[in-house]
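Following: one structure in C-alpha cells, then a few remarks.
The values are calculated or read from the model by the stated rules, or taken from the named source; none is laboratory data. Remember, it's a predicted structure, so these values are computed and weren't measured experimentally. We place every Cβ from the backbone using ideal geometry, glycine too, and count neighbours over all the protein chains shown. Keep in mind that these areas ignore ligands, DNA and RNA; they rest on the heavy atoms of the full protein, side chains included. Shrake-Rupley method; radii C 1.70, N 1.55, O 1.52, S 1.80 Å.
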Amino acid sequence: MEKAYSEVEAEKNFEKNRLWFGRFKTTRSFQKLTKPEKVAAKYVTQAFVGLAYRYELREPRRYTAKLVREVLLELFPKRIAATNVFFTSVIPVMRRYFIFLGVQHKISNAKTLVRAIDEVNTQQLLDAHQNHQNWDAHKTEAMSILMGAEEHVAPKKITILEDDYNMGVPIRFCFDLGVYHKPKNIILLTEGLRKKFEQILYEKHN
C-alpha cells in the first residue's frame with residue numbers, strides 16, 4: 001500500500017528541519033557561506049525538505065541521488081518563486097547542509113547526496129528557474145507579484161501563495177547582500193514585460 005501525503009508528517013519534517021538548521025547555523029561550515037547564502041539558507045533547506053515530501057513523499061533519511069537531482073532541476077524551478085540570488089544559493093547551501101546532516105547522523109548517505117549535488121551546476125538551476133515555461137500556475141502568479149506585474153496585492157493572497165505553494169519562501173522580499181528589501185527596490189516591469197506576464201498568467205489559467 002502506497003503512503004499518502006499527510007499534513008501532520010509534512011509539519012513534522014518542517015519541525016525537524018527547523019531544529020537541524022538551528023544547529024547548522026552554529027557551525028563553521030555555515031559561517032563559510034556568503035552573506036546572501038546565509039540569508040537564504042533557512043528558506044533553501046525548508047523548501048528542499050517541503051518539496052521532497054509533498055511531491056515525492058520522501059523524508060530526509062530516504063533521500064536518494066535521483067531525488068536530489070529531481071528536486072533541484074525540476075521541483076525548485078517549477079514551484080518556488082524567488083529571486084536569482086535565492087536560486088544561486090541553493091546548491092552551496094544544500095551541499096554544506098547535507099554534509100552537516102551526515103556528521104550529525106541524521107542521514108546515512110551524505111556522500112551520495114553531495115555527489116548528486118556536484119553533478120548539478122548553479123547555472124543549470126538558474127536557467128531552469130528563469131525559463132517561465134517550467135513554471136506552474138502558482139509560481140507564475142507569485143513571480144508576477146515579485147517582479148511588480150501585480151500591484152496592490154492583498155496580503156492574505158501573498159500569505160496563501162507563500163505558505164501553501166512556496167514552502168514558506170517569502171515572495172515579497174528580495175535576497176540581496178543579507179538584507180531583505182521590499183518591492184520598491186525591485187525594478188518594475190516595463191509595459192512590454194508586463195503584458196508578457198499577463199499573457200503567461202492567462203495561458204496558465206485557461
- Message: I'd like to know if the stretch 90-98 contains one or more residues that are open to solvent by 80 Å² or more (accessible area, probe 1.4 Å) and under 19 Å from Lys38 (Cβ atoms).
- Response: yes
Taking the stretch 1-32 and the residues there that are among the acidic types (Asp, Glu) and assigned to a helix (DSSP H, G or I), the one that is least open to solvent (accessible area, probe 1.4 Å) would be Glu9
With criteria (1) over 29 Å from Gly148 (Cβ atoms); (2) open to solvent by less than 10 Å² (accessible area, probe 1.4 Å), Phe86 comes up short on (1)
Does Leu33 meet the test of being touching a residue at least 40 places away in the same chain (Cβ under 8 Å) and within 17 Å of Pro92 (Cα to Cα)? yes
